[in-house]
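Q: Mind looking over this structure? Questions follow.
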Amino acid sequence: KSFLASSGINAEYGAQTFLGELYLKGHGIKPNTLLAKKLFLKAAQQNYPEALFHLGNMYFEGTIIDKRDYAQALGYYQRAATLGHLGALYKMGQMNKLGLGTVSYCPNAFKLLKKVLERGYISHFTKEAYNYYRNGNEEMALIAYERASDMGLELAQSNVAWLYEEKKNYSLALGFYRDAAELESAEAHLKLGDFYYYGLGTTSNLEKAASYYLVSSELRNPQSTFNLGVMHQFGLGLPVDFHLAKRYYDMALEQSPDAYLPVTIALIGLSAHQLYENIPTQLWGYDWDTIAICVCVFLLIILGYVRQRFFVQR
């Protein structure tokens, strides 16, 4: 006790939290709720997740003021969950499910509890599968990932789909990507869009591809957002709409600053495309399509000559 107390004074927030638990529950010492709260608050100032979780519990159970304060409890649980505390994540899921401190919303509760499941007891299946894959045993990795996939683990479903895709077994990959997409995986929706766009494991369907890209874009996947821009620009499964195309290109850049170069090239291409579409095909009696082709051929000839003259001879 004396060691823990001295640790608390020296701001060892792990020890502070443990000492707070002892005072809260009265293990070996006289219970003291106020002192427990004080110790938890000191550790919480250092963003110690276990202390934040205990403060949430105190407000949830009404330990502090003899009255439950679900809003305060939820705030502490959210901070602890952000720092990776599974217990806090579980509490948030239950509160979203029951409408305690927030509006009852089952989809949010499902997402939170799903994270608990993925990070909890079944995560060892994915670790086992990854170890098999890292050691070059893809067949055992596939078996282990499929086992975790059957338990509803989105990461495992996506990995199984990818392994089957690598084996060119697109029909099986498609099924597992569908399973992952049902769990709101942005990457899985992107893959389904690609499969329907290129006709992998199914017949090509550009409209269906666009619908999957749209969902993935709403889940903030920049590649899907960029793809929607391309499809609107060229009328691939979607109506030709230059304004929407530019909007999607801009959104892709917002979602991923790393996409600066491809988005810039796409915007330049879009501007050229708009300019070309606005030029009449027949102007002052000339066929501008034919002229454009001739100019391009001429430039290619000049480029070939320059390359031959100044680079090859050297």
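The values are calculated or read from the model by the stated rules, or taken from the named source; none is laboratory data. A quick note: this is a predicted structure, and the numbers were derived from the prediction, not measured. Using ideal geometry, Cβ is built from the backbone for each residue, glycine included, and neighbour counts are taken over all protein chains shown. The protein model used for the area step is the full one, side chains on, heavy atoms only, and it has no ligands, DNA or RNA in it. Shrake-Rupley method; radii C 1.70, N 1.55, O 1.52, S 1.80 Å.
Q: Just the accessible area for ILE29, please: 1.4 Å probe, Å², rounded to the nearest 10?
A: Solvent-accessible area, nearest 10 Å²: 30 Å².
Q: Excluding residues fewer than 8 places away in the same chain, name every one of the aspartates and glutamates whose C-alpha is closer than 17 Å to that of LYS42.
A: Excluding near neighbours in sequence, the set is GLU12, GLU21, GLU50.
Q: Compare TYR59, TYR130 by solvent-accessible area with a 1.4 Å probe and give them largest first, with all protein chains kept in place.
A: In descending accessible area the options line up as TYR130, TYR59.
Q: Under the Karplus relation 6.51 cos²θ - 1.76 cosθ + 1.60, θ = phi - 60°, what is the ordered set of whole-Hz ³J(HN,Hα) values for the range 54-59, x standing for Gly and Pro?
A: 5, 5, x, 4, 5, 6
Q: Could I ask something else about it? Assigning unit charges at the beta carbon (Lys, Arg +1; Asp, Glu -1) and nothing else, what dipole magnitude in debye, to the nearest 20, does the range 180-270 show about its Cα centre?
A: 200 debye
Q: Note down the net charge around ILE143, summing +1 for each Lys or Arg and -1 for each Asp or Glu among other residues with Cβ under 13 Å from its Cβ.
A: So the environment of ILE143 carries a net charge of -4.
Q: Which ³J(HN,Hα) values, rounded to whole Hz and listed in residue order, are derived for the range 272-278 from phi using the Karplus coefficients 6.51, -1.76 and 1.60 in 6.51 cos²θ - 1.76 cosθ + 1.60 with θ = phi - 60°, glycine and proline given as x?
A: 5, 4, 4, 4, 5, 5, 7
Q: I'd like the accessible area for HIS243, computed on protein heavy atoms only with a 1.4 Å probe and all protein chains in place. Round to 10 Å², please.
A: Rounded to the nearest 10, that gives 150 Å².
Q: Still on this model: Over 10 Å intervals from 0, what percent of Cα-Cα pairs in the range 186-271 sits in each interval?
A: 21, 51, 26, 2
Q: Moving on to the next point. Sorting MET58, MET92 by accessible area (1.4 Å probe), largest first, what list results?
A: MET92, MET58
Q: Going from most exposed to least, what order do TYR196, TYR133, TYR212 have by accessible area with a 1.4 Å probe?
A: So, going from the largest accessible area down, we get TYR133, TYR212, TYR196.
Q: Sticking with this one: Apply the Kirkwood formula to the range 16-60: the hydrodynamic radius equals the inverse of the mean of 1/r over all pairs of different alpha-carbon atoms; give it in Å with one decimal.
A: Evaluated over the range 16-60, this radius sits at 9.9 Å.
Q: Under 18 Å between alpha carbons, and skipping anything fewer than 8 positions from LYS37 in its own chain: which lysines qualify?
A: By straight Cα distance, LYS37 reaches LYS1, LYS25, LYS67.
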